[in-house]
Amino acid sequence: MPHHTPLIATIVAGLFVAFVLGALAHRLKVSPIAGYLLAGVMVGPFTPGFVAHAGIANELAEIGVILLMFGVGLHFSLRDLLSVRKIAVPGAIVQIAAATLLGMGLAWLVGWGLLAGFVFGLSLSVASTVVLLRALQGHDIVQTERGRIAVGWLIVEDLAMVLALVLLPVLAGIMAGAGQGGAAILQPLLFTFLKVAGFIALMLIVGRRVIPWTLQWVVSTGSRELFRLAVLVIALGVAFGAALAFDVSFALGAFFAGMILGETPLSRRATEETLPLRDAFAVLFFVSVGMLFNPAVIVQQPLVLLATVVIILFGKSLAAYGIVRAFGYPRQTGLTVAASLAQIGEFSFILAGLGAELGILPSTAHDVVLAGAMISIFVNPFLFAWIAGRHEEHEPERGLIKPVDLPPGHIILVGYGRVGSMIAGELKRRNKAFVVIEDQGDTVRLAREDGMNVIEGNALEARTLVAAGIGTASKLLIAIPAGFEGGAILQHARILNPELPVIARAHSMEEVARLESVGVDHVVMGERETANRMLELSATMAPASNAA
């Protein structure tokens, strides 16, 4: 067996260089995404040294898109999707049209032709799934109204691009004189609508029964490994099946699979099981984008590239902002949606690649699209952070910035899952002053419905702990199932309150050792406590009498 394969080399080199540059970016207080993109440039074909396999990197990146959209679907119910349809559907359509016209205008000035301009403009109109979701998740606003609008907008864009990919070969044939007029366009358009509608109907009618039933059966086996495998099979299987049978994008298929599963009580556990893989493959997505970037285009087409970046960052964003404001939404909601869409990504690559393959798009235009994507993805986190930072103090819907009003000596409970909810219920019964920190939107809603005082945010962030009153708290109870993450939470908490007593939960002896090594006062491991309790009961029970 050879010790060097393109698959292993691409994964190892991509992740290693991404880790080094991502850590450097973090140290410089720059978004790690910038480091991942530069890592792609370093292992790409346009720089000296090792060259990773671009085809393999793109396929690995596609897995990242699938897992990310599946995760979003877990926290995005059908009710949420329908609640923003009145703004997301017309908004996305108008914004796509505006960006496409701007792109066509630039193409006309350069002399690329009408159809080339259409493909070029369409490539600039659709935002990257990964970048948009990373921005929303990084600022804890996926579950807010503006976050739901942005995600709903993204779904409509994805549907529009599915139609565009089907119709593009037909348009190319018509322009070449091989088409049959209007019928040649209407027939594939209608067929595509029927396939998309068929997929959605199948998921809502069959998927809502089969997916929860399957996972409930897996849970009954008691195997965590089988549960993790089942979640991955559902995410990847539905995405692949949707693309194979219905010509729906991987991302859209995975989103609906997650949305169906998100309506079950198993959504939180499914999220926890897929999170590590989602993060790893999302990194590979950014590496693959960097690999496509040819720095020579900056020298060869500086003005065209500059105009393209302006359209991506400002042209379509201004259109999105104007649409959101026209529908009566607040100024900052418009700014957030505009910043979310101020970049392009995976669908842009696919459209530009298909246009070049069909002979519609010149190679120069294809390179400009890729370069524009690279630059916009690099800039977007900074733009989004600036807008989010300006908006934070005015955001009434995020519990994260609204400190709780509790007396000194209160208890902070991290996590409202199976264990955390039982602890919270008992604390409430005993009339103890406490606050819950939870970062999953659906679980936050459940806790608030149960009458709990909740802060929505990540306990690893200082602002969340400060909002929970970490400085005057008497105890910190870490009830999340991830013991190693619990250790990181403790370290952040002790910076703000060095004397704070901490009790944490663990699943294994390795986690117990880790938590004790970082200074947790008491570590509770379920299996160990169960064993101790059973031994206590055994010692107090009278032996059975032996009848003659």
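Quick notes on this one:
- Near pairs, Cβ below 9 angstrom, 6+ apart or cross-chain, from region 18-33 (farther than 18 Å from Q137 by Cβ) to any residue that is assigned to a helix (DSSP H, G or I) and open to solvent by 100 Å² or more (accessible area, probe 1.4 Å): L21/M42
- Residue that is most open to solvent (accessible area, probe 1.4 Å), among those in region 472-486 that are at pLDDT 90 or above and of a type outside the set (V, I, T): K475
- Any hit, region 538-548, residues being of a type outside the set (F, W, Y) and either open to solvent by less than 30 Å² (accessible area, probe 1.4 Å) or closer than 21 Å to A424 by Cα (or both): no
- Of the criteria (1) of a type in the set (A, V, I, L, M, F, W, C); (2) surrounded by fewer than 24 Cβ atoms within 10 Å (Cβ to Cβ); (3) touching a Lys or Arg at 6+ places or on another chain (Cβ under 8 Å), which one V337 fails: (2)
- Residue tally, condition surrounded by fewer than 22 Cβ atoms within 10 Å (Cβ to Cβ) and not in a loop (DSSP other than H, G, I, E, B), over region 355-365: 4
- Note on region 487-522: among residues that are surrounded by 16 or more Cβ atoms within 10 Å (Cβ to Cβ) and closer than 14 Å to V419 by Cα, the one that is modelled with the lowest pLDDT is A506.
- Residue count for region 317-354 under the criterion of being part of a helix (DSSP H, G or I), farther than 14 Å from A92 by Cβ and within 21 Å of the chain's Cα centre (by Cα): the result is 9.
- Residues that are at pLDDT 80 or above, more than 21 Å from the chain's Cα centre (by Cα) and among the basic types (K, R) occur at least once in region 195-204.
- Selection of region 14-52 for residues being surrounded by fewer than 19 Cβ atoms within 10 Å (Cβ to Cβ), part of a loop (DSSP other than H, G, I, E, B) and of a type outside the set (A, V, I, L, M) yields K29, P45, F46, T47, P48, G49, F50.
- Residue check for G64: more than 30 Å from S267 (Cα to Cα) and touching a helix residue (DSSP H, G or I) at 6+ places or on another chain (Cβ under 9 Å): no
- Inclusion of I375 among residues that are modelled with pLDDT under 85, open to solvent by 20 Å² or more (accessible area, probe 1.4 Å) and in a helix (DSSP H, G or I) is not warranted.
- Any chance G73 is touching a helix residue (DSSP H, G or I) at 6+ places or on another chain (Cβ under 7 Å), over 27 Å from P362 (Cβ atoms), open to solvent by less than 30 Å² (accessible area, probe 1.4 Å) and modelled with pLDDT of 85 or more: no
- Test: residue in region 127-136 that is closer than 30 Å to W386 by Cβ and at pLDDT 85 or above: yes
- In the set (1) touching a Ser or Thr at 6+ places or on another chain (Cβ under 9 Å); (2) farther than 21 Å from A371 by Cβ, N58 fails one condition alone, (2).
- Residue count for region 119-143, restricted to those that are open to solvent by 10 Å² or more (accessible area, probe 1.4 Å) and not hydrophobic (A, V, I, L, M, F, W, C): 6.
- For region 456-471, the candidate set comprises residues that are farther than 10 Å from A493 by Cβ and of a type in the set (V, I, T); within that set, the residue that is surrounded by the most Cβ atoms within 10 Å (Cβ to Cβ) is T464.
The values are calculated or read from the model by the stated rules, or taken from the named source; none is laboratory data. Everything quoted here is computed from the prediction, not taken from an experiment. Because the Cβ atoms are built from the backbone with ideal geometry, glycine has one as well, and the counts that use them run over all protein chains shown. What goes into the accessible areas is simple: the full protein's heavy atoms, side chains included, and nothing from ligands, DNA or RNA. Shrake-Rupley method; radii C 1.70, N 1.55, O 1.52, S 1.80 Å.
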